[in-house]
Amino acid sequence: MAHTLSRRQFLQGCSAAIAAMAGARLTRYAVSAQSSTADMLVVIFLRGGWDALNVVPPRDGDDRGLYEVARPDIAIPASSLLPLDDRFGLHPALAPLHDLYQDGKMAVVHAVGLDFDTRSHFDAMEYVELGTPGHKGTQSGWITRHLQSTPSGSSGLIPAISTSEQPTSLLGFPANVNMYSPSDISLWDNGLAAEQKQALRQMYASDTPLASVGQRTLDAMQAVQPLVDVDYQPSNGAVYNDDELSQQLKTVAQMIKLDAGLQVAAVDFGGWDTHEYENDGPDGYLADLLGALGDGLANFYLDLDSGYTDRLSIVIMSEFGRRLVQNESSGTDHGHGSVMLALGGGVNGGQVFGQWPGLSNDQLYDHADLAVTTDYRQVLRELIANRLDNPNTDAVFPGFDAPPLGIFQS
Amino acid sequence: MSSRKRSTLNRRDFLKGGTLAGAAFLATLVSRNNPSTLAAGEDVFSTFLPLIMQGTGGGGASAPLEVIALNRMAFGPRPGDIEAFRALGNSDEERLTAYVQQQLDPDSIDDSEFETRYAAAGFQTLHKSLEELFADHIVNNPYDENDEAFWDWYSLPIYELVDATILRAVYSRKQLSEVLADFWFNHFNVYLWQDQGGPLGVSYDRDALRANMFGNFRQMLEAVATHPTMLYYLNQNNSSDAGPNENYARELLELHTLGAENYLGVQDPTTVEKDENGIAIGYVDNDVYEVARCLTGWRVDDDTVDGGNTGRFLYYKPWHDRFNKFVLGRYIPADQPDMKDGHDVLDLLAHHPGTARFIARKLCRRFIADDPPDSIVQAAADTFLAYSDDPEQLKRVYETILLSPEFAHAWGQKIKRPLEATYAMLRALEADFTRVPEALPWVIYLMGQGLFSRRTPDGYPDTIPAWANTMSILYRWNLALALTENWLNEENGPTIHVDVRAQTPADLRTPAGLADFWIARLLGRPLPDVSRQAVVDFIARGEYGPDDELPEEDFDYWLNGMVQVVLMAPEFSLR
C-alpha cells in the first residue's frame, strides 16, 4: 500500500517550474487544479475525542432519560438545546452553526466513527487518519491517497496545507506545506533574502528531484509573499477571533482566495479530552471550546460566502466520542461513537444522518459507549466521490465499500 | 482495552504537543534576533537560466572518496576530517579500509572532545537504569498530574535524550556508531512522546539498540521484543490468551524481520511454498495471528495486574496461550517451557533468508543509494546468514557493505534527510555548544524529522521523494541562516555559537577567493560552474569583480550571507 511520489508527478512539478521560469504568470501552476470543478476540502480534526453526546444530545424519549440519569452533573438541559429534529438538539454554544444548519448548509452525522476496538487517542487518531483501521504500517494518509488518485491531479503550486503540524492524514504527501500563518512560508531575512533567492534560482535550475523542489519552494514563497505581514480583510464583515482555531481558519481563507491551487487544508483544534469538570458553570469548559468552534467556523463560512462556498466542503471530526456515564470528576472518559459535521454549498444540510443505535445498556458499545453505526469512511467516501470528483475511492480507503448516505450532492 | 483514568486535562496539553506555541516562539526569536529590516521586493524571474542537465537521482558528478565516506558513514566532515581521512593510507582502498576498521571498532577511538562536552552538559537522567527511570519518572512522579511540572518531569529523560543525541552526532568521532544508532532506532521505531513508557526510551536506545548494534541481530531482536518501550508502543503489554493483540506481532514480521516484501497476503498457511529447511518462504496473515499467540504473556511488570511494578519485562504465564501453534510452516507444540514459543518465533525470523535480504537491502539503502544494486544487497544478505550465530554478525554485514565497490562508486543517489542536514551544518560550521536551545529541535521538527517523533512504527523514510518537499527544503535554508547568524539562541538559555569570520583566513578578501575557500570547506569539492558563479556573484553584489578586494564595511554581513548560500546549495544536501 506504499504510495510515493511518482517520477511523473516530479516531472509535472518540474515542467510547471520551467514555465514559470520562462516568464509565464505564476498562477500557471494553479490552472490545472482550478479548472476542475472539485470542491476545496477543509478537514478540521478535534484532537482529544469530543463528547458527541453533549454536542448533539437526545432531546426526547427513553434515550433522553437514560442520558440524564447517566450524566446528572453535566447533561445539557433539554430546554437549552437548539433543535435539529425531533430526536436531537445542538449544544447551545454552537448557535452560530445552528443558523447554518437551518439554512441547509450544515449536516450532522451521529453515531459515526472508527469501527475498531481501541480507546487509545494515539491508536484511534492513527487509524482514522491513515484510513486503514487496524493497520499502522500504512505509509500514507487518506488525504494523501485522495490527492494521489484524483483524476485532476495534485500538481498545483500549493495543493495542500496543514495549519498546525502535518497530520497523519497527509503522511507521505511531500507537496504539503505547513503554515500557521503565511509568514511561515518565507526565507528568514537577514536583509539579503532577495539576493539569496536569486542565487538559489541559479543553483536549483536543474531538473533533479531536489532541484525541482527547490524551484517549487521559491515559487511558493513568491506566491504567498503578498499575504505576508499584510492585514487580511475578510469579506462580508467576518471577524476572526484571536484563538487558535480562528487564526488557522483565517490562514486557510487567505490561501483559498490566493488561487494557488489549494485542494485540501487540514486544521487541528485540540483540547477535547474532557476527563474532568467539562460543564463547570455557565461558561463551562466544553462550552468554551464549542463556542470557539462555532464562532470560528461561522465567520470562516461568512468570509468565504463571497464566491467560494459553492465549491467548499468542510468536515469536522474527532478520534472518538466519550463514555455515556460521567466519571467521578464530572467529566467523561474515552468512548467510541462520535459525531461528524459537514458544511458547504454542496451539503444536503438541515438533517441528522446515521442510524441511531440507542443508549440502553445492551445498545452501547462494550456496555459503556455510544456505538458506531456509520463508519467514518462512509462519510468521507461519499464526499470524495461526490464533491471532490474522485471516483477512485478504493485507492483512498482500500477494501472499504459502503453506499452513500445522501449527505453530499453529486 | 480499557481507558486509563489517570488521563487529565493536562494530558490534553501534552497531546497537543505545543506545536503552535513552538512556531510562534520561533517567529519571535527570529524577529528579535534579526537586526535588519525587510528587503525590498525583488523580481526573481528577471533572470532566466537554461536548464542544466545533471545525472540521475539527486544528480551531479561523482565526489572524492573522502567526501563519500564522510557523508555516508558519518554526518558530514568537520574541519580537518577530510585531511585526516586522506592521511590514512596511500590509496583510496587503503584509506577506506583503515577508516572502516577504525569506525567498526568504536572503543579504539579517542572521543575526549565529545566526552568533555557530555560531562559539561550535566544530564540528570541519562545514566539511570530502566528500573530507575520507571520508578523516578513514572511511578513516583512527585508532581500533581494536573500541573505542567508533572509532564516536564515525565518527559525530562526524553528531552535530555534529544540533546545528547544531537551532541553525539555532532561531536563524537564514533560517527558510524551514530549513523547506526539512528538507523536502528528507525528500524525498530517507537514514538517516545507517548503517554505510556516514554521515559523508558532512554534505556531502549541505550540497552536494546546501541548495546547490540555491532553484535548479533537475534539478540537485538529479543532485546527489543522484551523492552517495555516497545511492549507499550505496540500494545504487546495488553496481549493475553483471552485477547491476543496482533499489533506487535504484525510489525515484528512486516517491519522488523521479513518485511512487507515477504508478505504473501491472506492465504492458507499450509499451502505456502517452503524452502530447503522446511520453512515457509514468506508469511501470511495466519502467521501474524499465530505469532501473536506465541507472544501472549510477554508484558511489562507494571501495575496492570500482579508483579512488583518494577518496569522490567515480565513473562506472565497466566496470560500465555498454552496450546499448539503453527508459524511459517513450523509446528510449535503445546505447553512448552516459559517463553519458548516466543524464542522459537524469534529464532525462525532471525535466521530466515527473507529477513537477511530485507535487513541487507535497508542497510544498503541507508549507506549506498535509494535503490541499491542487487549485487551488494545479496552479498550483505549472504554475510548476514553466514554469521547468523556470530556475536559480531552485524559488524561483518556493515563491513561487507562499506568496503564494497558499490559503496565507493555511488554518489548523489541520496539526499541528506533533515537530521543529517542539521548535523552536517553544525559540523561544517564548527558550531560550539553543549546543550541545545529549544529552537533547534523545533526547526528539525518543522523540517519533518523531529527526534523520536515518528508516530508510526515504520520509522522515518529513507528515500529522496519523502524528503524533497517544500517544508523540508525551506526550513533547511532557514536553518542555514539561523545557525550562521546565531539566531536560535535564547537569553539565559543554552547557545549554539558560530563565528564565520573567525574561521576565514584573514588574507582572503576577494569574492572568488572567499567563495572557493568556503565551498571547499563546506563541501569538500568544487561546485558546478553555474552554482559557483552564483556564490561569487552573491558576494560581489554587482559592485565588485571576482578578484577585487572587498572593503571592511559590511564584510561580515555579506560573508555570512555567502556561507548561507553555500549551505543552501543542492550539492550540500547530496550524499
How many residues, within region B:123-150, are under 30 Å from the mean Cα position of the chain (by Cα), assigned to a loop (DSSP other than H, G, I, E, B) and not basic (Lys, Arg)?
7
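Restricting the search to region B:307-327, which residues are closer than 20 Å to B:LEU133 by Cα and part of a loop (DSSP other than H, G, I, E, B)? Outline the logic, then answer.
The initial filter retains those residues of region B:307-327 that are closer than 20 Å to B:LEU133 by Cα, namely B:307-314.
Scanning region B:307-327 gives B:GLY307, B:GLY308, B:ASN309, B:THR310, B:GLY311, B:ARG312.
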Within region A:271-329, the count of residues that are at pLDDT 95 or above, charged (D, E, K, R) and crowded, with 21+ Cβ neighbours inside 10 Å comes to 5
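Name the residues in region A:124-175 that are of a type in the set (Phe, Trp, Tyr) and out of contact with any helix residue (DSSP H, G or I) (no Cβ under 7 Å at 6 or more places or on another chain), would you?
Keep residues of region A:124-175 that are of a type in the set (Phe, Trp, Tyr), which gives A:127, A:142, A:173.
Result: A:TYR127, single match.
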Take the residues in region B:437-463 that are β-branched (Val, Ile, Thr) and at the interface with chain A (Cβ under 8 Å from one of its Cβ atoms); name whichever of them is nearest to B:TYR557 (Cα to Cα).
B:THR463
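Specify the residue that is farthest from the other protein chains (Cβ to nearest Cβ); the eligible residues are those in region A:203-217 that are assigned to a helix (DSSP H, G or I) and among the hydroxyl-bearing types (Ser, Thr, Tyr). Talk me through it step by step, then tell me what you get.
Of region A:203-217, the ones assigned to a helix (DSSP H, G or I) are A:203, A:209-217.
Applying the additional criterion that residues be among the hydroxyl-bearing types (Ser, Thr, Tyr) yields A:212, A:217.
On the way: A:SER212: 8, A:THR217: 5 Å.
Applying the filter and picking the extreme gives A:SER212.
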Candidate set: region B:383-436, residues that are assigned to a loop (DSSP other than H, G, I, E, B), farther than 24 Å from B:PHE517 by Cβ and small (Gly, Ala, Ser); chosen: the one nearest to the other protein chains (Cβ to nearest Cβ)
B:ALA410
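Tell me whether region B:552-568 contains one or more residues that are farther than 30 Å from A:THR208 by Cβ and in contact with a helix residue (DSSP H, G or I) (Cβ under 7 Å, 6 or more places away or on another chain).
Scanning region B:552-568 turns up at least one residue that is farther than 30 Å from A:THR208 by Cβ and in contact with a helix residue (DSSP H, G or I) (Cβ under 7 Å, 6 or more places away or on another chain).
Each row is one residue, and each column tells you yes or no for (1) outside the structural domain of B:TYR315 (by TED's automatic domain parsing); (2) touching a helix residue (DSSP H, G or I) at 6+ places or on another chain (Cβ under 6 Å); (3) over 21 Å from B:LEU328 (Cβ atoms).
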position	(1), (2), (3)
B:LEU200	yes, yes, yes
B:SER203	yes, yes, yes
B:ASN212	yes, yes, yes
B:LEU221	yes, yes, no
B:THR229	yes, yes, yes
B:GLU251	no, no, no
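Taking region A:363-410 on its own, how many of its residues are among the hydroxyl-bearing types (Ser, Thr, Tyr) and more than 30 Å from A:ASN327 (Cβ to Cβ)? Quick ask: steps written out before the conclusion?
Our first condition is that a residue be among the hydroxyl-bearing types (Ser, Thr, Tyr); within region A:363-410, this holds for A:365, A:373-374, A:376, A:393, A:410.
Filter once more, so that each one left must be more than 30 Å from A:ASN327 (Cβ to Cβ): A:393, A:410.
Of the residues in region A:363-410, 2 are among the hydroxyl-bearing types (Ser, Thr, Tyr) and more than 30 Å from A:ASN327 (Cβ to Cβ).
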Subset of region A:104-141 [surrounded by fewer than 24 Cβ atoms within 10 Å (Cβ to Cβ), free of Cβ contacts under 8 Å to residues at least 40 places away in the same chain and under 20 Å from the mean Cα position of the chain (by Cα)]:
A:PHE122, A:ASP123, A:TYR127, A:PRO133
Across (1) at pLDDT 95 or above; (2) touching a His at 6+ places or on another chain (Cβ under 6 Å), A:THR150 clears everything bar (2)
With respect to B:ARG396, determine if the residue is of a type in the set (Lys, Arg), in contact with a Ser or Thr (Cβ under 7 Å, 6 or more places away or on another chain) and modelled with pLDDT of 95 or more.
yes
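Quick check, is A:LEU258 free of Cβ contacts under 8 Å to residues at least 12 places away in the same chain and among the aliphatic types (A, V, I, L, M)?
Working: free of Cβ contacts under 8 Å to residues at least 12 places away in the same chain: no; among the aliphatic types (A, V, I, L, M): yes.
Here the answer is no, as A:LEU258 does not meet what is asked.
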Test A:ALA253 against the stated conditions and say whether it is in contact (Cβ under 8 Å) with a residue 40 or more places away in the chain, in contact with a strand residue (DSSP E or B) (Cβ under 7 Å, 6 or more places away or on another chain) and not in a loop (DSSP other than H, G, I, E, B).
no
Condition met for A:TYR240 (modelled with pLDDT of 95 or more and either away from chain B (no Cβ under 13 Å) or in contact with an Asp or Glu (Cβ under 8 Å, 6 or more places away or on another chain) (or both)):
yes
Restricting region B:452-466 to residues that are in contact with a helix residue (DSSP H, G or I) (Cβ under 7 Å, 6 or more places away or on another chain) and among the hydrophobic types (A, V, I, L, M, F, W, C), which is modelled with the lowest pLDDT?
B:ILE464
Any idea how many residues of region B:485-542 are within 23 Å of B:ARG117 (Cα to Cα) and among the aromatic types (Phe, Trp, Tyr)?
1
Give me the pairs: first residue in region A:207-231 and closer than 23 Å to A:GLN247 by Cα and in contact (Cβ under 8 Å) with a residue 12 or more places away in the chain, second residue of a type in the set (Lys, Arg) and in a helix (DSSP H, G or I), beta-carbon distance under 8 Å, and six or more apart or on different chains, which are they?
A:MET221/A:LYS197
Contact list please: Cβ distance under 8 Å, first residue in region A:302-323 and more than 20 Å from A:ALA238 (Cα to Cα), second residue polar (S, T, N, Q) and surrounded by fewer than 23 Cβ atoms within 10 Å (Cβ to Cβ), pairs at least six apart or on different chains.
A:ARG323/B:SER3
Do we have A:ALA220 as among the aliphatic types (A, V, I, L, M), within 8 Å of chain B (Cβ to nearest Cβ), more than 16 Å from B:ASN478 (Cβ to Cβ) and surrounded by 18 or more Cβ atoms within 10 Å (Cβ to Cβ) here?
no
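To keep it simple, each residue is scored yes or no on (1) surrounded by fewer than 24 Cβ atoms within 10 Å (Cβ to Cβ); (2) among the hydrophobic types (A, V, I, L, M, F, W, C); (3) within 20 Å of B:VAL288 (Cβ to Cβ).
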{"site": "B:GLY198", "(1), (2), (3)": "no, no, no"}
{"site": "B:PHE214", "(1), (2), (3)": "yes, yes, no"}
{"site": "B:THR226", "(1), (2), (3)": "yes, no, yes"}
{"site": "B:SER240", "(1), (2), (3)": "yes, no, yes"}
{"site": "B:GLY243", "(1), (2), (3)": "yes, no, yes"}
{"site": "B:LYS274", "(1), (2), (3)": "yes, no, yes"}
Identify the residue in region A:167-198 that is among the small types (Gly, Ala, Ser) and touching an Asp or Glu at 6+ places or on another chain (Cβ under 7 Å) and, among all such residues, is farthest from the other protein chains (Cβ to nearest Cβ).
A:SER169
Among the residues of region A:155-180, the number that are outside any strand (DSSP E or B) and within 26 Å of A:GLU319 (Cβ to Cβ) is 17
Out of all the residues in region A:132-143, is one or more within 14 Å of another protein chain (Cβ to nearest Cβ) and at positive phi?
yes
Give the residue that is farthest from the other protein chains (Cβ to nearest Cβ), with candidates limited to residues of region A:255-269 that are surrounded by fewer than 20 Cβ atoms within 10 Å (Cβ to Cβ) and in contact with a Leu (Cβ under 9 Å, 6 or more places away or on another chain).
A:LYS257
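A quick yes/no check of all residues on (1) free of Cβ contacts under 8 Å to residues at least 12 places away in the same chain; (2) in contact with a Ser or Thr (Cβ under 6 Å, 6 or more places away or on another chain); (3) not acidic (Asp, Glu):
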{"position": "B:ILE279", "(1), (2), (3)": "no, no, yes"}
{"position": "B:VAL300", "(1), (2), (3)": "no, no, yes"}
{"position": "B:ASP306", "(1), (2), (3)": "no, no, no"}
{"position": "B:ASN324", "(1), (2), (3)": "yes, no, yes"}
{"position": "B:ALA334", "(1), (2), (3)": "no, no, yes"}
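The values are calculated or read from the model by the stated rules, or taken from the named source; none is laboratory data. It should be emphasised that the depicted structure is a prediction, and the values quoted were computed from it without experimental measurement. FYI the Cβ positions are ideal-geometry reconstructions off the backbone, even for glycines, and counts take in every protein chain you see.
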